Amino acid sequence: MLELDGLSVAFGAKQAVRGLSFGVAEGELVCLLGPSGCGKTTTLRAIAGLERPAGGRVAVAGRVVADADGSVPPPQRGIGFLFQDFALFPHLTVAQNVAYGMTRRQRATDTGRVDSLLERIRLGHRADAYPHMLSGGEQQRVALVRALAPRPRAVLLDEPFSSLDASLRAGLREETVRILKDAGVTVLMVTHDPEEALVTADRIVLMRDGKAVQTGTPDALYSRPVDAFTAAFFGAVNRLPGTVEGGSIATGLGALPNPGFADGEPVEVLVRPDGLTLAADGPGAAMQVCGVHFAGASSLVRLGAEHGAPGHEHLHARLPGLCRHGVGDPVRVGIDRERAFVFGGRSGPPA
Ligand code: ATP
């Protein structure tokens, strides 16, 4: 439904988007994720027709809407938007706001559209209210259905929940995704919040410096990151030096399978806190518990070298439930192989 092929956007000498390619299938929800300034909003604006590409092309439903030869004006692209500052028109009622983007013909033939959308967000009884009479969450839901009212081919959402209170955000996000999925709409949503992308997206495009680093399902990016940047973007990681020894990678916490690095290549091993194992004895590195923080469903454990011996000074483990080990206890620390990632130096997986 949406296709970007080598899209580049520049502001003077600044290359904000550099050769970006990905697609969004009909009915799919794709999150464009990445740190501040990596080019997410610029990508969305280029798809919407608000920025002119310097190179590459954008297609909507198989029709090229922007390339080196020209550009289809934004209203003719069949795309709906919901931007961060989703301002409703203050002088129009809720129903008038929702109907705003529909063509005269749609209003004449698609009667009942506004009412059914307002029912879907449980605001049918507020059709005649003005925006200032609604809560922030209610206004956001109205803005969402305003974007859906003209039955766009796809909707673009730019950080749609960031202006909302944290207590509202999770519930509204869930409801928004349900409304979008029920409507079968194709969605491209920008966020800088990895958790938001993991819980909402069918697929994620992770961006860095104007380029796509990895595209795939939430599970693929979280469990099979292509590089250290991707692994660390989705949460805290412990970093350990590793040595390639034939079929295995030796670390201070034990050996891991070698995914294909040559002997002598410098490698780095990244392990999430929940990928460290702790035991009172047995195999693993001898370390000492330096701190325990109970956090409800899990405990965070800070680990240091035993009795001042050299070793990994600052490892962090996350264990389910209450930690059985106390501060000062000697422990054996190992690695869950399924949750460790091996990358070449600072560059990525084996060539
Ligand atoms: P954030 O998460 O902070 O919104 P982003 O990933 O959406 O960031 P963009 O807003 O797309 O990033 O910006 C990408 C780069 O392009 C940034 O370096 C930004 O400063 C620059 N940029 C964006 N818009 C313009 C503009 N109109 N003129 C000049 N530079 C711009």
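The values are calculated or read from the model by the stated rules, or taken from the named source; none is laboratory data. Owing to the predicted nature of the structure, the values given are computational and were not obtained by experimental measurement. Please note: Cβ atoms are built from the backbone with ideal geometry, for glycine as well, and neighbour counts cover all protein chains shown. These accessible areas exclude ligands, DNA and RNA; they are computed on the full protein's heavy atoms, side chains included. Shrake-Rupley method; radii C 1.70, N 1.55, O 1.52, S 1.80 Å.
Worth pointing out:
- Condition met for Ala87 (small (Gly, Ala, Ser) and in contact with a Lys or Arg (Cβ under 9 Å, 6 or more places away or on another chain)): no
Every residue, every condition in (1) outside the structural domain of His316 (by TED's automatic domain parsing); (2) farther than 24 Å from Ser223 by Cα; (3) in a strand (DSSP E or B); (4) not small (Gly, Ala, Ser), yes or no:
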| residue | (1), (2), (3), (4) |
| --- | --- |
| Ala250 | no, no, yes, no |
| Leu256 | no, no, yes, yes |
| Phe261 | no, no, no, yes |
| Val267 | no, no, yes, yes |
| Thr277 | no, no, yes, yes |
| Gly282 | no, yes, no, no |
| Gln288 | no, yes, yes, yes |
| His293 | no, yes, yes, yes |
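- Checking each residue in the range 46-81 for being under 19 Å from Lys211 (Cβ atoms) and surrounded by fewer than 20 Cβ atoms within 10 Å (Cβ to Cβ) picks out Ala54, Gly55, Arg57.
- The one condition in (1) at pLDDT 90 or above; (2) surrounded by 12 or more Cβ atoms within 10 Å (Cβ to Cβ) that Gly291 fails to fulfil: (2)
- Just one of the listed residues (Ala305, Ala317) is outside the structural domain of Gly34 (by TED's automatic domain parsing), small (Gly, Ala, Ser) and touching a residue at least 24 places away in the same chain (Cβ under 8 Å), namely Ala317.
- Output for the range 17-45, where each listed residue is in a strand (DSSP E or B), within 12 Å of the ligand (Cβ to nearest atom), farther than 16 Å from Phe83 by Cα and open to solvent by less than 10 Å² (accessible area, probe 1.4 Å): Val17, Leu20
- Verdict on Glu195 being over 20 Å from Leu2 (Cα atoms) and within 16 Å of the ligand (Cβ to nearest atom): yes
- Residue among Phe161, Phe229, Phe233 that is touching a residue at least 24 places away in the same chain (Cβ under 8 Å) and within 30 Å of Ala305 (Cα to Cα): Phe233
- Of residues in the range 164-223 being acidic (Asp, Glu) and surrounded by fewer than 17 Cβ atoms within 10 Å (Cβ to Cβ), the one nearest to Arg146 (Cα to Cα): Asp182
- Enumeration of residues in the range 47-65 that are closer than 15 Å to Leu2 by Cα and either more than 16 Å from the ligand (Cβ to nearest atom) or out of contact with any Gly (no Cβ under 9 Å at 6 or more places or on another chain) (or both): Ile47, Ala48, Gly49, Arg57, Ala59, Val60, Ala61, Gly62, Arg63, Val64, Val65
- Within the range 92-101, the set of residues being part of a loop (DSSP other than H, G, I, E, B) and either among the small types (Gly, Ala, Ser) or at pLDDT below 90 (or both) comprises just one member, Gly101.
- Conditions (1) buried (at least 20 other Cβ atoms within 10 Å of the Cβ); (2) under 30 Å from Cys31 (Cα atoms); number of the one not met by Val244: (2)
- Meets criteria (away from the ligand (no atom under 11 Å from the Cβ) and closer than 30 Å to Ala232 by Cα) for Phe11: no
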